[in-house]
Amino acid sequence: MPEQSKPILSVKNMSVQFPTLSGVVTAVNNVSFDVGREKVGIIGESGSGKSTTGRAIMRLQPATAHVIADEMRFEDVDLLTASESEMRAIRGRRISMILQDPKYSLNPVMTVGEQIAETVILHERLGRRAARERTLAMLERVNIRDPQRVFNLYPHEVSGGMGQRIMISMMLISSPSLIIADEPTSALDVTVRQQVLSILDDLIRERNIGLIFISHDLNLVKSFCDRVIIMYAGRIVETIEASKLDQATHPYTCGLLEALPSLDRPRDRLETLKRQASWAEA
Ligand SMILES: Nc1ncnc2c1ncn2[C@@H]1O[C@H](COP(=O)(O)OP(=O)(O)OP(=O)(O)O)[C@@H](O)[C@H]1O
Ligand SMILES: [Mg+2]
């Protein structure tokens, strides 16, 4: 298979279980998917297992969780057997995760510039001066007009949209080949969201890497991603090209689409989703 079309990530029959006081919760149930050099959306309602799937790939689930799979391969790495120190070398450098709210992910007592520079110093053993240069260039790349000034700001001094662009620069500065973005723009207003998404889109294309984009906003995923994985109760109920979502066959996907307001088909009332127990079965 040519290098270009080989999947970056391959997951086969992965399940994630959490033992709880009231019994075992199967948060992810036997999911299989590949991610190539493309934007793959994972969509599903709250609790459907989207974040758990993302964290399991990074091996960032709590110690009590049980992850089983027939295969979890990232490039040349077997994620099932990689040691913790091998995982540390992968996280942030070869697979990066962008989270919903930068305020929780950035260190509040360190300037944003120092934090981004720290990432390259750690991963690429660059000197301080070279790391600072790289950071300023990266901040410029995410359309921050005055990188020198922003370098010296603390996380509480930046707006949500700027914070998210700072997160993107931090996650992309060490050239990962896969990005997992978990609801990266849900805390932003619509215009700022578009700017952040277009910056992310440019970087993904420019570097020809893979993106897993987790969201519960079907409209957003439909316009932003190439392919969409639809999850319900821990299972993948359907995987479909974003451009073909209108031809989705699974009743849950159809229900989600029906529930979207549309300017083409104005209606007095939006449909509410009528669930069936069979969707959660094998
Ligand atoms: N540490 C944990 N211990 C026990 N159960 C957990 C744990 N983490 C997640 N779960 C359960 O796993 C299921 C899936 O959770 P997950 O966070 O992956 O959902 P999600 O699709 O990301 O939802 P949201 O859209 O709200 O972010 C939920 O039922 C959740 O309660
Ligand atoms: Mg989540």
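The values are calculated or read from the model by the stated rules, or taken from the named source; none is laboratory data. None of these values were measured; they are calculated from a predicted model. Cβ coordinates were reconstructed from backbone atoms using ideal geometry, including for glycine residues, and neighbour counts include every protein chain displayed. Keep in mind that these areas ignore ligands, DNA and RNA; they rest on the heavy atoms of the full protein, side chains included. Shrake-Rupley method; radii C 1.70, N 1.55, O 1.52, S 1.80 Å.
Could you tell me which numbered condition Thr81 fails, if it satisfies all but one of (1) of a type in the set (Ser, Thr, Tyr); (2) at pLDDT 95 or above; (3) over 27 Å from Val67 (Cα atoms)?
Failing condition for Thr81: (3).
Which numbered condition trips up Val120, out of (1) surrounded by fewer than 19 Cβ atoms within 10 Å (Cβ to Cβ); (2) without any contact (Cβ under 8 Å) to a residue 60 or more places away in the chain; (3) touching a Leu at 6+ places or on another chain (Cβ under 6 Å)?
Evaluating Val120 over (1) surrounded by fewer than 19 Cβ atoms within 10 Å (Cβ to Cβ); (2) without any contact (Cβ under 8 Å) to a residue 60 or more places away in the chain; (3) touching a Leu at 6+ places or on another chain (Cβ under 6 Å) leaves (1) as the failure.
Look through the range 145-165, keep the residues that are aliphatic (A, V, I, L, M) and within 17 Å of Pro184 (Cβ to Cβ), and return whichever of them is least open to solvent (accessible area, probe 1.4 Å). Break it down stepwise before answering.
First, the residues of the range 145-165 that are aliphatic (A, V, I, L, M): 150, 153, 158, 162.
Next, from what is left, pick out any that are within 17 Å of Pro184 (Cβ to Cβ): 158, 162.
Working: Val158: 13, Met162: 36 Å².
The selected residue is Val158.
Is at least one residue of the range 147-155 at pLDDT below 95 and charged (D, E, K, R)?
no
Please state which one of Ser32, Ser15 is in contact (Cβ under 8 Å) with a residue 12 or more places away in the chain, more than 11 Å from ligand 1 (Cβ to nearest atom) and under 24 Å from Ser243 (Cβ atoms). Spell out how you get there, then give the answer.
Values: Ser15 fails: under 24 Å from Ser243 (Cβ atoms).
Ser32 is the lone residue from the list that is in contact (Cβ under 8 Å) with a residue 12 or more places away in the chain, more than 11 Å from ligand 1 (Cβ to nearest atom) and under 24 Å from Ser243 (Cβ atoms).
Residues to consider are Ala69, Ala65; find the one that is over 21 Å from Phe224 (Cβ atoms), in the same structural domain as Glu281 (by TED's automatic domain parsing), open to solvent by less than 60 Å² (accessible area, probe 1.4 Å) and near ligand 1 (Cβ under 8 Å from one of its atoms).
Values: Ala69 fails: near ligand 1 (Cβ under 8 Å from one of its atoms).
Testing whether each residue is over 21 Å from Phe224 (Cβ atoms), in the same structural domain as Glu281 (by TED's automatic domain parsing), open to solvent by less than 60 Å² (accessible area, probe 1.4 Å) and near ligand 1 (Cβ under 8 Å from one of its atoms) leaves just Ala65.
Run down Met72, Met87, Met97 and say which single residue is over 21 Å from Glu206 (Cβ atoms) and not in a helix (DSSP H, G or I).
Values: Met87 fails: not in a helix (DSSP H, G or I); Met97 fails: over 21 Å from Glu206 (Cβ atoms).
Result: Met72 is the single residue among Met72, Met87, Met97 that is over 21 Å from Glu206 (Cβ atoms) and not in a helix (DSSP H, G or I).
Scan Leu60, Leu80 and give me the residue that is farther than 21 Å from Phe224 by Cβ, part of a loop (DSSP other than H, G, I, E, B) and within 12 Å of ligand 1 (Cβ to nearest atom). Full working, then the answer.
Numbers: Leu80 fails: within 12 Å of ligand 1 (Cβ to nearest atom).
Result: Leu60 is the single residue among Leu60, Leu80 that is farther than 21 Å from Phe224 by Cβ, part of a loop (DSSP other than H, G, I, E, B) and within 12 Å of ligand 1 (Cβ to nearest atom).
Could you pull out the residue among Met162, Met167 that is at pLDDT below 95 and closer than 22 Å to Arg55 by Cβ? Before the answer, list the steps.
Details: Met162 fails: closer than 22 Å to Arg55 by Cβ.
Answer to the selection: Met167.
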